[in-house]
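A.B. asks: Pasting a structure here, questions to come.
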There are 2 protein chains.
Amino acid sequence: MATTLKDIAKKLGISEATVSLALNNNSLVNEKTKKRVHEAAKELKYFPNMVAKGLATNKSNTIGIIVPDINIVFYANILRAIDEVVNRAGYSLLAAMSNNDPQIEEEIIRTFISKRIEGVLAVPTNKPTKFLTSYQKALREYNIPLVYITSLYTIDEIRYVMGDIREGTYMLIKHLTDLGHRNIVFIGGNRTVPTTSLRREGYSRALGEKGIPVFAENLIECEDIHYDQAALVTEELIGRRRDFTAICAMNDEMALGVINTLQKAGIRVPEDVSVVGYDNTIFSKLSMVGITSMDSDIEGTCQQAVDMLLQVVRGEIPEEPHIMTKPAMIKRQSSGPVKETEN
Amino acid sequence: MATTLKDIAKKLGISEATVSLALNNNSLVNEKTKKRVHEAAKELKYFPNMVAKGLATNKSNTIGIIVPDINIVFYANILRAIDEVVNRAGYSLLAAMSNNDPQIEEEIIRTFISKRIEGVLAVPTNKPTKFLTSYQKALREYNIPLVYITSLYTIDEIRYVMGDIREGTYMLIKHLTDLGHRNIVFIGGNRTVPTTSLRREGYSRALGEKGIPVFAENLIECEDIHYDQAALVTEELIGRRRDFTAICAMNDEMALGVINTLQKAGIRVPEDVSVVGYDNTIFSKLSMVGITSMDSDIEGTCQQAVDMLLQVVRGEIPEEPHIMTKPAMIKRQSSGPVKETEN
DNA sequence: CTGTTAGCGCCTTCAC
DNA sequence: GTGAAGGCGCTAACAG
């Protein structure tokens with residue numbers, strides 16, 4: 001059915017090996033025969049069999065990536081960026097979704113290993129641990145490098161590249177305090193998860209610099225970090241009190257929930273209350289007022305993650321196993337000076 | 001490095017073949033040795049080499065999918081659904097993005113063939129054609145079945161599964177006319193592309209049934225079908241006239257742009273103007289008012305697409321090469337009775 | 001420069 | 001029930 005090296009070798013009356021070399025543009029083979037081979041290949045509609053090549057070379061030329069759920073915009077953004085970078089680097093990408101389930105994550109790794117992936121990138125499930133999981137051990141066994149994007153792990157030996165959310169949140173809160181805000185609510189997720197706790201650190205630091213105390217009641221914890229939850233806690237919040245002049249949500253989707261809820265209650269943004277989000281995703285453009293947000297530089301982060309991974313794949317040792325990329329503030333209309341009458 | 005069949009055969013003092021059979025749970029081999037083999041495999045941390053297996057069996061056990069851009073929520077939804085269905089069917093999924101570029105699409109197909117994919121699913125780029133493209137011919141050459149999801153092609157020989165958007169739009173418009181609306185604006189994309197033209201047919205039919213004429217000025221064409229464009233044309237629209245009482249956008253993201261723009265202008269939804277979207281994506285929940293939308297039953301559609309593909313892979317001939325799946329209306333608050341004073 | 005030869009790891013007859 | 005042998009398509013020495 002499929003035409004093989006042998007077919008084109010036979011047709012040209014030369015050896016398979018020569019054809020192979022010619023197809024790979026090896027300089028050993030004469031330009032003339034190269035051209036003949038390429039022409040014959042095209043004529044016979046030859047498609048190299050990567051499976052056979054993979055077996056022969058013991059290289060799959062593909063790297064794998066695991067994301068929790070592609071229906072979450074942020075992860076989709078990451079996957080897309082990774083796809084681009086990996087392809088540009090001449091590798092194939094094999095993507096899989098873990099559904100935030102460590103067991104599925106492990107299964108995925110198993111099939112990755114079976115496919116002889118050369119390296120794996122992962123946005124890990126959010127169950128942090130201080131121990132090497134079994135799949136991490138398996139990867140090590142097979143000498144397959146692993147780089148996390150947005151890590152939750154605090155184990156030194158585990159490489160990761162992540163956006164500096166602590167710094168990013170600091171910048172956002174500083175932006176608000178510079179505008180005169182002193183009573184700022186932070187809406188995040190579970191306080192024990194790094195993606196929230198790191199942000200809280202940035203929040204506290206920014207307030208501290210202005211001598212503003214951190215009040216526990218301004219730190220809201222959500223069960224999940226999506227629109228509905230944010231809308232819900234905002235509704236509860238404004239039912240309880242209205243002394244705050246700004247709200248910082250841990251991502252844009254939540255910020256959108258906050259804004260819509262405020263507006264529905266007749267609270268104007270940013271005139272009455274300023275709102276900021278994070279990640280500069282599409283959500284930051286979907287309200288009547290553009291949302292001030294932090295751009296995590298997903299492209300840059302992914303580029304660095306792939307670079308680091310490929311370094312290890314090539315057997316080099318990256319100088320720095322942990323990289324924090326710098327985010328940039330995107331100022332839109334949802335944040336403004338504190339309301340005069342509040343003072 | 002990696003442990004192979006041979007390693008475990010050697011350890012157990014039996015032949016490779018037996019180990020292979022045992023690992024594949026072949027009934028020929030004695031239960032006892034099977035157990036021994038499985039234990040040894042686990043002990044030696046054996047991971048089957050799918051590359052070798054693929055070469056030997058000439059089956060990759062994976063199917064490929066091409067979507068235009070995973071950053072578009074609707075496509076991300078599709079990819080996720082496909083991933084689930086394909087995995088459940090015991091196949092691996094290899095995903096790739098075309099960026100809506102036919103050339104990239106072709107490259108992807110090339111690598112798919114090289115990887116000896118057993119079938120391909122595709123959400124095609126939106127450049128319709130009546131001819132078989134070169135990659136379609138290549139797939140045929142290699143006997144690799146192809147099924148489109150949401151097809152633009154009108155070639156009989158090309159299989160596809162798509163949501164019935166004509167019917168869905170009909171249902172939405174009928175919903176509006178039943179509520180008393182007669183002056184309904186439809187905001188779509190390029191009129192020559194099936195995803196818009198089919199919807200227009202549904203629109204016209206629903207109006208026709210109530211004896212309402214179709215006015216050209218109520219059919220708005222957008223260059224791209226996203227939020228910003230929708231917001232823009234809505235702004236122009238309300239600058240020009242305000243006689244309409246309802247707006248139907250071709251997707252939820254656009255409907256959201258419409259609603260936000262209307263509200264910013266002080267036009268209430270649904271009191272003054274009703275708005276409906278399509279696809280029942282996350283966007284339909286992101287405004288102050290929930291958006292009435294059509295659920296395209298992505299899961300069902302994807303299930304059928306995979307079923308059809310696997311049928312062909314197995315050499316069966318699906319009875320019906322073209323399937324239209326039925327959508328369901330999701331009624332939310334953005335649509336209501338026509339404003340009394342308009343009459 | 002080109003051809004020969006041996007595998008890569010696994011599966012699949014076919015004997016025993 | 002189990003073993004031996006050949007081959008999947010390609011690459012990688014090594015000869016010539």
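A.B. asks: Quick one: which residues, 5 or more positions from A:Arg159 or on another chain, have an amide H under 5 Å from its amide H? H modelled 1.01 Å from N in the peptide plane, none for Pro or chain starts.
C.D. replies: A:Tyr148
A.B. asks: Based on the alpha carbons, how large is the Rg to Rh ratio for region B:34-82 when Rh follows Kirkwood? It would help to have the intermediate numbers written out before the result.
C.D. replies: On the way: Rg = 18.1 Å, Rh = 14.2 Å.
Ratio value, two decimals: 1.27.
A.B. asks: I would also like to ask the following. Compute the long axis of helix B:73-88 from its Cα atoms, compare it with the longest principal axis of the Cα atoms of chain B, and write down the angle in degrees, 0 to 90, nearest 10.
C.D. replies: 30
A.B. asks: Starting from the Cα of A:Lys6, draw a straight line to each of the aspartates and glutamates and keep only those under 17 Å, dropping any in the same chain fewer than 8 residues away.
C.D. replies: Output for A:Lys6: A:Glu16, A:Glu39, A:Glu43.
A.B. asks: Limiting things to C-alpha atoms, what are the Rg and the maximum Cα-Cα separation (Dmax) for region B:5-48, in angstroms?
C.D. replies: 9.0, 24
A.B. asks: Suppose we look only past 27 Å in the calculated P(r) of chain B. What percent of the Cα-Cα pairs does that tail hold? Each step should come with its number before you reach the end.
C.D. replies: Numbers: 32066 of 58653 pairs.
Here the tail beyond 27 Å accounts for 55 percent of pairs.
A.B. asks: Restricting attention to region B:229-323, which GluC sites (Glu not before Pro) occupy a DSSP loop and are surrounded by at most 14 other Cβ atoms within 10 Å? Please report the intermediate quantities before stating the final value.
C.D. replies: On the way: sites: B:Glu235, B:Glu236, B:Glu253, B:Glu271, B:Glu299, B:Glu316, B:Glu319; in loops: B:Glu271, B:Glu316, B:Glu319.
Hits after loop and neighbour filter: B:Glu271, B:Glu316, B:Glu319.
A.B. asks: Who wins for biggest fluctuation among B:Val147, B:Val276, B:Val312 in a Gaussian network model of chain B, springs between alpha carbons below 10 Å?
C.D. replies: Ranking B:Val147, B:Val276, B:Val312 by mean-square fluctuation puts B:Val312 first.
A.B. asks: Right, here's the next one. Compute the long axis of helix B:165-178 from its Cα atoms, compare it with the longest principal axis of the Cα atoms of chain B, and write down the angle in degrees, 0 to 90, nearest 10.
C.D. replies: The angle comes out near 30 degrees.
A.B. asks: Where a Cα-Cα gap under 16 Å defines reach, which lysines qualify for A:Lys59, not counting those fewer than 8 residues away within the same chain?
C.D. replies: Within the straight-line limit of under 16 Å, A:Lys59 reaches these lysines: A:Lys115, B:Lys53, B:Lys115.
A.B. asks: Tell me whether region B:79-129 comes out rounded, prolate or oblate; compute the Cα gyration tensor, take square roots of the eigenvalues as a ≥ b ≥ c, and use a/c under 1.5 as the rounded threshold.
C.D. replies: Details: a/c = 2.57, a/b = 1.51, b/c = 1.70.
Since a/c reaches 1.5 but b/c is at least a/b, the shape of region B:79-129 is classed as oblate.
A.B. asks: At 7 Å along the Cα-to-beta-carbon direction for both A:Ser197 and B:Ala265, put a label point, then send me their distance in nm to one decimal.
C.D. replies: So the label points at A:Ser197 and B:Ala265 sit 5.1 nm apart.
A.B. asks: For chain A, what is the calculated [θ] at 222 nm in deg cm²/dmol (nearest 500), taking -39500 (n - 2.57) for each run of four or more DSSP H residues and dividing by its residue count? Please report the intermediate quantities before stating the final value.
C.D. replies: On the way: 12 runs with 147 residues, N = 343.
The helix-only estimate for chain A comes to -13500 deg cm²/dmol at 222 nm.
A.B. asks: Now a separate question. Please work out whether region B:18-135 counts as rounded, prolate or oblate from its C-alpha gyration tensor, where a ≥ b ≥ c are the square roots of the eigenvalues and a/c under 1.5 means rounded, while otherwise a/b larger than b/c means prolate and anything else oblate?
C.D. replies: Values: a/c = 3.43, a/b = 2.47, b/c = 1.39.
Taking the square roots of the gyration eigenvalues as a ≥ b ≥ c, region B:18-135 is prolate.
A.B. asks: Could you calculate, for region A:165-295, the ratio of the Cα radius of gyration to the Kirkwood radius, expressed as Rg to Rh?
C.D. replies: Details: Rg = 13.0 Å, Rh = 14.2 Å.
Taking Rh as the inverse mean 1/r over Cα pairs, Rg/Rh reads 0.92.
A.B. asks: From the label point of B:Asp224, set 7 Å from Cα along Cα→Cβ, how far away are the matching label points in the other copies, in nm, ordered shortest to longest?
C.D. replies: Label point to label point, same position, other copies: 2.9 nm.
A.B. asks: Continuing with this model, one more query. Would you mind pulling out the separation of the Cα centroids of region B:84-126 and region A:16-39, in Å?
C.D. replies: One Cα centre to the other: 30 Å.
A.B. asks: A:Thr57 label point, 7 Å along Cα→Cβ, cut-off 17 Å on backbone N: hits in region A:14-38?
C.D. replies: So the set is A:17-29.
A.B. asks: Rounded to the nearest 0.05, what FRET efficiency do B:Ala216 and A:Lys326 have when you use their Cβ-Cβ distance and R0 = 56 Å?
C.D. replies: 0.60
A.B. asks: Still on this structure, I have one more. Taking the alpha-carbon set of the protein assembly as shown, what are its Rg and Dmax in Å?
C.D. replies: Rg then Dmax for the protein assembly as shown, in Å: 28.4, 91.
A.B. asks: Give the separation of the Cα centroids, region A:247-273 to region B:131-153, in Å.
C.D. replies: Computed from Cα coordinates, the inter-centre distance equals 48 Å.
A.B. asks: Note the angle between two axes, namely the Cα long axis of helix A:298-313 and the longest principal axis of the Cα atoms of chain A, as a number of degrees from 0 to 90, rounded to the nearest 10.
C.D. replies: On a 0 to 90 degree scale, this one is about 40.
A.B. asks: Oh, and also: Let me know the shape class of region A:108-219, please: from the alpha-carbon gyration tensor, a ≥ b ≥ c as square roots of the eigenvalues, rounded when a/c is under 1.5, otherwise prolate if a/b is greater than b/c, or oblate. Could the numbers behind the result be given before it?
C.D. replies: Working: a/c = 3.75, a/b = 3.05, b/c = 1.23.
Note, shape of region A:108-219 comes out prolate.
A.B. asks: Within region B:162-226, which chymotrypsin sites (Phe, Trp or Tyr not before Pro) sit in a loop by DSSP and count at most 13 neighbouring Cβ atoms inside 10 Å? Show your work: numbers first, answer last.
C.D. replies: On the way: sites: B:Tyr170, B:Phe186, B:Tyr203, B:Phe215; in loops: B:Phe215.
Sparse-neighbourhood loop chymotrypsin sites (Phe, Trp or Tyr not before Pro): B:Phe215.
A.B. asks: Hey, another quick one. For A:Phe112, what charge total do you get from the other residues with a beta carbon under 12 Å from its beta carbon, if Lys and Arg give +1 and Asp and Glu give -1? Each step should come with its number before you reach the end.
C.D. replies: Numbers: positive: A:Arg110, A:Lys115, A:Arg116; negative: A:Glu105, A:Glu106, A:Glu107, A:Glu118.
Residues close to A:Phe112 contribute a combined charge of -1.
A.B. asks: Can you list the aspartates and glutamates whose alpha carbon is less than 19 Å from that of A:Lys127, not counting same-chain residues fewer than 8 positions off?
C.D. replies: A:Asp69, A:Asp101, A:Glu105, A:Glu106, A:Glu107, A:Asp156, A:Glu157, A:Glu221, A:Glu223, A:Asp224
Rule-based calculations on the coordinates, nothing more; no lab input. This one's a predicted model, so the numbers in the text were calculated from it and none came from an experiment. Quick reminder, even Gly has a Cβ in these numbers, built from the backbone with ideal geometry, and neighbours come from all protein chains shown.
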